[in-house]
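Structure, as structure tokens:
The values are calculated or read from the model by the stated rules, or taken from the named source; none is laboratory data. These numbers come from a predicted model, not from an experiment. Heavy atoms of the whole protein, side chains included, go into the accessibility calculation; ligands, DNA and RNA do not. Shrake-Rupley method; radii C 1.70, N 1.55, O 1.52, S 1.80 Å.
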Amino acid sequence: MTGSQSIKRWYGVHKWTSLICTAFMLLLCITGLPLVFHHEIEEWLEHGDDHHAIAAVAPGEASPDLDRMLAKALERH
């Protein structure tokens with residue numbers, strides 16, 4: 001067997017074995033995601049979208065100054 005035929009054969013073997021392994025890895029990733037994020041999924045199913053609602057500013061209060069909040073966050077970081 002010549003060198004180019006050997007390379008073509010190994011290329012085909014590598015391609016198909018990689019595709020088979022990729023299919024199994026994809027299956028593991030897709031089915032593993034619910035296991036990793038099961039706490040978040042359960043919380044979302046129990047409470048819905050209202051659970052993480054943004055707090056509203058009380059009437060009569062000034063809205064928060066975003067520049068000051070950013071400065072405090074950068075100062076803490």
Once you have the Cα-Cα distance between Leu33 and Ala56, take 0.36 nm times their residue separation minus that, and quote the gain in nm to one decimal. 5.0 nm
Rounded to 10°, Cα long-axis angle of helix 3-36 versus longest principal axis of the chain: 30 degrees
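So what is Rg over Rh here for the stretch 1-49, counting just Cα atoms and using Kirkwood for Rh?
1.48
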Probe 1.4 Å, all chains present, heavy atoms only: Trp16 accessible area in Å², nearest 10, is 150 Å²
Lys72 accessible area, nearest 10 Å², 1.4 Å probe? 120 Å²
Ignoring everything but the protein chains, give the 1.4 Å probe accessible area of Leu45 in square angstrom, nearest 10. 120 Å²
Once you have the Cα-Cα distance between Lys72 and Ile7, take 0.36 nm times their residue separation minus that, and quote the gain in nm to one decimal. 17.3 nm
